[in-house]
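Enquirer: Dumping the structure here so I can ask a few things about it.
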Protein chains: 2
Amino acid sequence: MPEVYLAKGTRDFLPAQMRRRLSATDQLREVFTRFGFEPLDTPAFERIETLTGKYGDEGQQLLFKIQKRGEGALRGEVDQALRYDLTVPLARVVAMNPALRLPFKRWQIAPVWRADRPARGRYREFVQCDVDIVGTDSLLAEAECLAVASAALTALGFASFTIKLNDRRILAAMAQAIGASGQEGPLLVAVDKLDKIGRDGVSAELASRGFEPAQIDALWRILDAPAGNDATLAHLEAHLPVPEAVGGLRSLLGLAESLGIPGDRLRIDPTLARGLDYYTGPVYEIALDEPGMGSVAGGGRYDGLIGMFAGKRIPAVGIALGLERLLTVLEERLGAAVERPAAAVLVTVWDEARQAASLAAVRTLRDAGTPADLYLGELALKNQLKYANGRGYRHVVVIGPDEGAAGVVSVKDLASGAQRTLALADLSAALGTDLA
Amino acid sequence: MPEVYLAKGTRDFLPAQMRRRLSATDQLREVFTRFGFEPLDTPAFERIETLTGKYGDEGQQLLFKIQKRGEGALRGEVDQALRYDLTVPLARVVAMNPALRLPFKRWQIAPVWRADRPARGRYREFVQCDVDIVGTDSLLAEAECLAVASAALTALGFASFTIKLNDRRILAAMAQAIGASGQEGPLLVAVDKLDKIGRDGVSAELASRGFEPAQIDALWRILDAPAGNDATLAHLEAHLPVPEAVGGLRSLLGLAESLGIPGDRLRIDPTLARGLDYYTGPVYEIALDEPGMGSVAGGGRYDGLIGMFAGKRIPAVGIALGLERLLTVLEERLGAAVERPAAAVLVTVWDEARQAASLAAVRTLRDAGTPADLYLGELALKNQLKYANGRGYRHVVVIGPDEGAAGVVSVKDLASGAQRTLALADLSAALGTDLA
């Protein structure tokens, strides 16, 4: 191992992995465009004032801060920081571009940086994939977010998932109903662990945080809603004074179904407690229906955040796909798939005197749109074939004295060993059929 | 203007510009893949030791350095820096991945960061687009670089350009021939300005830098080569003792033509003096044949750089496309092209009672692969049509009481004003034909 290392918590993406990442982001782009979302990109770093105070004390510690150039460096001053998420930059863009037509539907797939302690699956540079709709109060926007995320998961090959829905106002009313308005934070942190630690675990955690047994009992009377979305909503309506939130979720179920999400994928879940600080209305999370997979997307309405720089209320709703997690699952599914080079065909070079014929062949293939590689080393033909096998090309093209004299090229299928002789003009069509 | 700003020297890319950038990089990816180059990505920041001492004093000053987290921050210590180019990270990747099969052909399109003084067209965050071939001494690698760059320019719509070729060893021999071996740097800096300041300007600059009139005369006797590649090469061969370099260029011309580059695009140019510190063999530059456009790509062989971390000689050759420059030219050519949204169709919403029919229509379009937007605001239909006109949709779909009763949808072409009534099932096909 040479004496050179990656920065802690960062990764290189070598070709095999990079091709899979590009293919996934291509699929996502296609879906986002089909749903009318627009691309946006923002710089890797922002002025430090733009990011300071936006992510709480913990987030603030995780910012990668950039040292000032020039004299400021001597004093250890910083003036910029790498972006921590894609939402604060979006708010800045909205404030700086008052001519932007609202509602503005944007997608962004881009890296963010956090100085977290690296762990398995947790990196300091990772890609976020956000779609947001800025500038409308309509519940149609929530429905669009659920529909685009569902289509995105389907496009990536995830066929089976469940969308859990709740509303920030239901969570707040729940805290109030059990006399714990001031303790909403700890209450919901505990409830959020229900999947992991179970009902008794949540009760024990609440007790240890000072909740009274009567409060805990009252909480379970609300959370123990009957199954089925209609019944769950009726139960919540009966227990909590938030008709707008409950009515909104009822409408959202209908809108989401109209946009093509099967009703049995949608589940009202009063225990869904996410992103408490800034959500203001419906919240949702998508989990793959495979055991242990957990959440792969989440979002909600956050009407207070996007207007922070513009100095006015700008309603917004969004959903973030857990792209790094989804990519990891896709990689695991692929398992030990054979790695192949970008081009499926290697054109060999017989010797220097016959080089031009090989160059003409590779050129003909590429001109016809067939990705083709040219052997660039100094090996003899026999070893070029070994090299081609080792790298995983599917075909090699050979043009030796016999082929040259006959004005043809030989093509060998490396899997079957079958060899054919063809006119150069027919090569691309022949390989195209094989490769399709 | 609100009180929030971009970091100095950085840009946002709003949807219109972002779509053009994505389209250009898609075209480049297609070309690079067709030529058998593989994708690679590396982190935005590297350990500061990896970057220090690689870019000269000037480059070192331009690094964006990241402050240590934790206690180091109090002392103003830095441990990482944003990448300054894509070449040093490539050298690190090659060193850290000894199993990588050579020759390794990779492309990378990614931002780099330099704390340069911002100026018109010069940013602190900008995208580099590099293709490199690592691990072969063969001149075929140079030819591949010229061929892939030519194909890339052609794909982007640049039909007319000239490839200038020279060799680092010719430049070194020239300095030696006029008795200025130790002053190769200033000599070539002056020669490099020939296009800008003309022959007299170069002579004056050389005189001011202490070159003797006899040296300057001797220099022009070498540089004043007769036109035509064969004649130029014969002239250089007669004046300089570097047969390998001259012979290499002669071969390279032939190889490049065999790979499909028209001979009249290739020009041996002994005044081409670029990137002197690390090139070791052939160097080249591509200029658009429009006045004042200057260089849009450049590269050469650099056999000493990629092995720096691996501790051994690893030959390499590459070419970088000036992507930001090319994008600027493309943008200028587009001029005041009408900006259109990601989707060409807006499905309007008549009223809340008829919402479901509009949702079904947008869903049908998207399921058939037609990008379609749904109106998400609260405006009345008349104003939805104004909004659609303003944003530049080409078609709007309307489903009101009449359409609902008849089980059809209305489609209006916003350019012609023509309106049609169709079955929902026929909508995507009808719009698809119009949009094609």
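The values are calculated or read from the model by the stated rules, or taken from the named source; none is laboratory data. No experiment lies behind these values; they were computed from the predicted model shown. Because the Cβ atoms are built from the backbone with ideal geometry, glycine has one as well, and the counts that use them run over all protein chains shown. SASA here: full protein model, heavy atoms, side chains in, ligands and nucleic acids out. Shrake-Rupley method; radii C 1.70, N 1.55, O 1.52, S 1.80 Å.
Enquirer: Once amide H atoms are built 1.01 Å from N in the peptide plane, which residues 5 or more positions from B:L374, or in another chain, come under 5 Å H to H?
Expert: Those lying under 5 Å, H to H, from B:L374 are B:V347.
Enquirer: Got the relative contact order for the stretch A:221-287 handy, in percent, Cα pairs under 8 Å and 6 or more residues apart?
Expert: Working: 35 pairs, mean separation 21.5, N = 67.
Worked out over the stretch A:221-287, it gives 32 percent.
Enquirer: Oh, and also: Closest to the A-onto-B rotation axis, which residue of chain A has its Cβ, and how many Å off the axis is it?
Expert: Smallest Cβ distance to the axis, with its residue: A:G76, 1.
Enquirer: Just to confirm a number: summing +1 for Lys and Arg and -1 for Asp and Glu over residues other than B:V134 whose beta-carbon lies under 10 angstrom from that of B:V134, what do you get? Don't jump to the answer; show the numbers that get you there.
Expert: Values: positive: B:K105, B:R106; negative: B:D132.
The answer is +1.
Enquirer: Which of B:A405, B:A368, B:A190 ends up with the largest GNM mean-square fluctuation for chain B, with Cα atoms connected below 10 Å?
Expert: B:A405
Enquirer: If each label sits 7 angstrom from Cα along the C-beta direction, how far apart, in nm, is A:N383 from its counterparts in the other copies?
Expert: Relative to the other copies, A:N383 has label-point distances of 7.6 nm.
Enquirer: At A:N97, with labels set 7 Å past Cα in the Cβ direction, how many nm apart are the copies from this one, shortest first?
Expert: With the label placed 7 Å along Cα→Cβ, A:N97 yields 3.4 nm.
Enquirer: Per-residue mean of other chain beta-carbon atoms within 10 angstrom of the beta-carbon, peptide B:27-37? Please report the intermediate quantities before stating the final value.
Expert: Details: counts 0, 0, 3, 2, 2, 2, 5, 11, 8, 15, 6.
Partner-chain Cβ atoms within 10 Å, mean over residues of B:27-37: 5.
Enquirer: Taking only DSSP H segments of four or more residues, each worth -39500 (n - 2.57), what value at 222 nm results for the protein assembly as shown once the sum is divided by all its residues, to the nearest 500 deg cm²/dmol?
Expert: -13000 deg cm²/dmol
Enquirer: To continue, here is another question. Please say if the stretch A:345-435 is rounded, prolate or oblate, where rounded means a/c under 1.5 for a ≥ b ≥ c the square roots of the C-alpha gyration tensor eigenvalues, and otherwise the choice is prolate for a/b larger than b/c and oblate otherwise? Spell out each step's value before the answer.
Expert: Numbers: a/c = 1.34, a/b = 1.05, b/c = 1.28.
Verdict is rounded for the stretch A:345-435.
Enquirer: While we're looking at this one, here's another question. Say R0 is 51 Å: what FRET efficiency, to the nearest 0.05, do B:A227 and B:A429 get from their beta-carbon distance? Don't skip to the answer; put the middle values down first.
Expert: Details: r = 59 Å, r/R0 = 1.15.
E between B:A227 and B:A429, to the nearest 0.05, is 0.30.
Enquirer: Follow-up question, since we're still on this one. Consider just the alpha-carbon atoms of chain B and return their Rg together with their Dmax, both in angstrom.
Expert: When restricted to the Cα atoms of chain B, Rg and Dmax are 28.3, 95 Å.
Enquirer: Where does the charge balance sit around A:Y279 when Lys and Arg score +1, Asp and Glu -1, over other residues with C-beta under 10 Å from its C-beta? Walk me through the numbers on the way to the answer.
Expert: Numbers: positive: A:R168, A:R169, A:R274, A:R301; negative: A:D167, A:D277, A:D303.
Neighbour charge sum, excluding A:Y279 itself: +1.
Enquirer: Could you grab the Rg to Rh ratio for the stretch A:193-319? Cα atoms only, Kirkwood for Rh. Display every interim value, and only then the final one.
Expert: Working: Rg = 16.5 Å, Rh = 16.7 Å.
That ratio is 0.99, to two decimals.
Enquirer: Once Lys and Arg get +1 and Asp and Glu get -1 on their Cβ, which of A:A405, A:A357, A:L374 lies farthest toward the positive end of the dipole of the stretch A:345-435?
Expert: A:L374
Enquirer: For q values of 0.05, 0.06, 0.07 Å⁻¹, compute log₁₀ I(q)/I(0) with the Debye formula on a Cα-only model of the protein assembly as shown, without solvent.
Expert: So the normalised log intensities are -0.35, -0.50, -0.67.
Enquirer: Which of rounded, prolate, oblate describes the stretch A:286-420, given a ≥ b ≥ c as roots of the alpha-carbon gyration tensor eigenvalues and a/c under 1.5 marking rounded, otherwise prolate only if a/b is larger than b/c? It would help to have the intermediate numbers written out before the result.
Expert: Values: a/c = 4.67, a/b = 2.60, b/c = 1.79.
Cα axes put the stretch A:286-420 in the prolate bin.
Enquirer: Count, for each residue of A:62-75, the Cβ atoms from other chains sitting within 10 Å of its Cβ, then give me the mean as a whole number. Write out the running numbers ahead of the final one.
Expert: Working: counts 1, 2, 7, 7, 12, 11, 5, 6, 2, 0, 1, 5, 1, 1.
Averaged over the peptide's residues, the number is 4.
Enquirer: If we hang a label 7 Å off Cα along the beta carbon direction at A:G72, how far is it from the matching labels on the other copies, in nm, shortest first?
Expert: For A:G72, the other copies' label points sit at 2.0 nm, shortest first.
Enquirer: For A:I197 paired with A:K382, estimate the spin-label separation in nm (one decimal), with each label point 7 Å from Cα along the Cα-to-Cβ line.
Expert: So the label points at A:I197 and A:K382 sit 6.9 nm apart.
Enquirer: Using a 10 Å cut-off on Cβ to Cβ distances, tally the other chain neighbours for every residue of B:357-366 and report the average as a whole number.
Expert: Details: counts 1, 2, 11, 3, 1, 8, 6, 1, 1, 9.
Mean number of neighbouring Cβ atoms from other chains: 4.
Enquirer: Right, next: Quick one: if you stick a label point 7 Å off each Cα along the C-beta vector at B:A155 and A:A204, how many nm between them?
Expert: Those two pseudo-labels are separated by 5.9 nm.
Enquirer: For a quick check, take a GNM of chain B with Cα springs below 10 Å and name the residue from B:D41, B:D426, B:D217 with the largest mean-square fluctuation.
Expert: With Cα springs under 10 Å in chain B, the top fluctuation among B:D41, B:D426, B:D217 is at B:D426.
Enquirer: Oh, and also: Normalising by the residue count of chain B, find the relative contact order in percent from Cα pairs under 8 Å and 6+ residues apart. Before the final figure, lay out the partial values.
Expert: On the way: 668 pairs, mean separation 62.2, N = 436.
RCO, chain B: 14 percent.
Enquirer: Another question, then. Using only the Cα atoms of the stretch A:101-190, build the gyration tensor, take square roots of its eigenvalues as a ≥ b ≥ c, and label the shape rounded, prolate or oblate: rounded if a/c is under 1.5, else prolate if a/b is larger than b/c, else oblate.
Expert: Numbers: a/c = 1.75, a/b = 1.21, b/c = 1.44.
Oblate shape, in that a/c is at least 1.5 and b/c is the bigger or equal ratio.
Enquirer: Still on this structure: GNM on chain A, C-alpha springs below 10 Å: top fluctuator among A:A115, A:A44, A:A356?
Expert: Comparing A:A115, A:A44, A:A356 in the GNM, the peak value goes to A:A356.
Enquirer: Something else now. Counting only protein chains, not ligands or nucleic acids, how are A:R120, B:R34, B:R101 ordered by accessible area (probe 1.4 Å), most first? If you can, show how the numbers build up before the last one.
Expert: Working: A:R120 225, B:R34 35, B:R101 120 Å².
Descending order: A:R120, B:R101, B:R34.
Enquirer: A:D413 versus A:N97, label points 7 Å from Cα toward the beta carbon: distance in nm?
Expert: Using points 7 Å along Cα→Cβ, the separation is 5.1 nm.
Enquirer: Longer than 30 Å from Cα to Cα, which of A:K54/B:K65; B:K54/B:K193; A:K68/B:K196; A:K164/B:K68; A:K386/B:K105; A:K193/B:K68 are they? Say none if no pair is.
Expert: A:K68/B:K196; A:K164/B:K68; A:K193/B:K68
Enquirer: Gain in length, A:D217 to A:L74, computed as 0.36 nm per residue apart minus the alpha-carbon separation, to one decimal in nm?
Expert: Values: separation 143, 0.36 × 143 = 51.48 nm, distance 5.97 nm.
So the extension gain works out to 45.5 nm.
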